[in-house]
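Undergrad: I have a structure I would like to understand better, so I am pasting it below and will then ask my questions one at a time.
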Amino acid sequence: MRALLKNIASLPDVEIAQTPEDFKVIAERTLTSREKVIYYLGSVEVLMQAYERAYDQGYYIPARMELGVFVKMMAPDTEVMRTYQATDSREVRETRGLPDDVVMDYSVMIHDDTVVFFLQDPKLYGLSIKSPALAETMKAMFNDMWRNAKK
């Protein structure tokens, strides 16, 4: 029994987000990022479904900027992505386009020791995993893709 409890205790913390309130909790955790960097990869359209534009523009982005948290974003080259890219300098963010052969209909957000997946399958939900090992691996993968992304 002790061995089983030890294994359970070592598992990562996992949460599922399904409501707008859940998505806001996930977003607001990024504001306290110790590393002051959020890595975002994937569909900007999925992100826009998770966060109302009024929340994003009216609260989240100004709060993130005030706290000095930078966003490195990679997304498919769409009109929405180019709109984000056009506001990068004033919103403390750098956006790059994914290569055309990379298709992503989901999103991944990484900060500190947390990885969050946003998926529509068929209903929108988020899967938040707090795991230092997983976060470090995902950051390494992100940074490798970043080097080849379109500026």
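Taken together, the values in this text are just the output of simple stated rules run on the coordinates, not laboratory data. What you see is a predicted model, and the numbers here were worked out from it, not measured in a lab. Neighbour counts are summed over all protein chains in view; Cβ atoms, including those assigned to glycine, are modelled from backbone coordinates with ideal geometry.
Undergrad: Taking the highest mean first, how do the peptides 13-21, 105-113, 122-130 order by number of other beta carbon atoms within 10 angstrom per residue?
TA: Numbers: 13-21: 11.7, 105-113: 19.6, 122-130: 15.0.
Order by mean packing, descending: 105-113, 122-130, 13-21.
Undergrad: Next question. Per DSSP H run of at least 4 residues, take -39500 (n - 2.57); add these up for the chain, divide by its residues and hand me the 222 nm value, nearest 500 deg cm²/dmol.
TA: Details: 6 runs with 57 residues, N = 151.
When only DSSP H runs of four or more count, the value is -11000 deg cm²/dmol.
Undergrad: If I require 15 Å or longer along the helix axis, counting alpha carbons, and a Kyte-Doolittle average no lower than -0.5, what helices from the chain are left? Use full DSSP H segments. List each step's numbers first, then the result.
TA: On the way: long enough: 20-30 (16 Å, -0.72); 132-148 (25 Å, -0.46).
The qualifying helices are 132-148.
Undergrad: Compute the whole-percent fraction of alpha carbon pairs in segment 12-148 spaced more than 23 Å apart. Could the numbers behind the result be given before it?
TA: Values: 2493 of 9316 pairs.
In whole percent, the long-distance tail amounts to 27.
Undergrad: Let me ask another. Roughly how many nanometres apart are two label points built 7 Å out from the Cα toward the Cβ at Arg53 and Arg90?
TA: Modelled inter-label distance: 1.6 nm.
Undergrad: Averaging over all projection directions, find the projected area of the Cα convex hull of segment 102-145 and quote it in nm² with one decimal place. Walk me through the numbers on the way to the answer.
TA: Values: hull surface 12.8 nm².
Taking a quarter of the hull surface, the average projection is 3.2 nm².
Undergrad: Looking at the chain, what % of its DSSP beta bridges pair antiparallel, to the nearest 5? Kindly include the intermediate steps, with their values, before the conclusion.
TA: Values: 22 of 32 bridges.
In the chain, approximately 70 percent of DSSP beta bridges are antiparallel ones.
Undergrad: Between Thr83 and Leu124, what is the label-point separation in nm under the 7 Å Cα-to-beta-carbon projection?
TA: Calculated label separation equals 1.4 nm.
Undergrad: Which whole-angstrom value gives the distance between the alpha carbon centres of segment 45-60 and segment 72-151?
TA: Going from one Cα centre to the other spans 15 Å.
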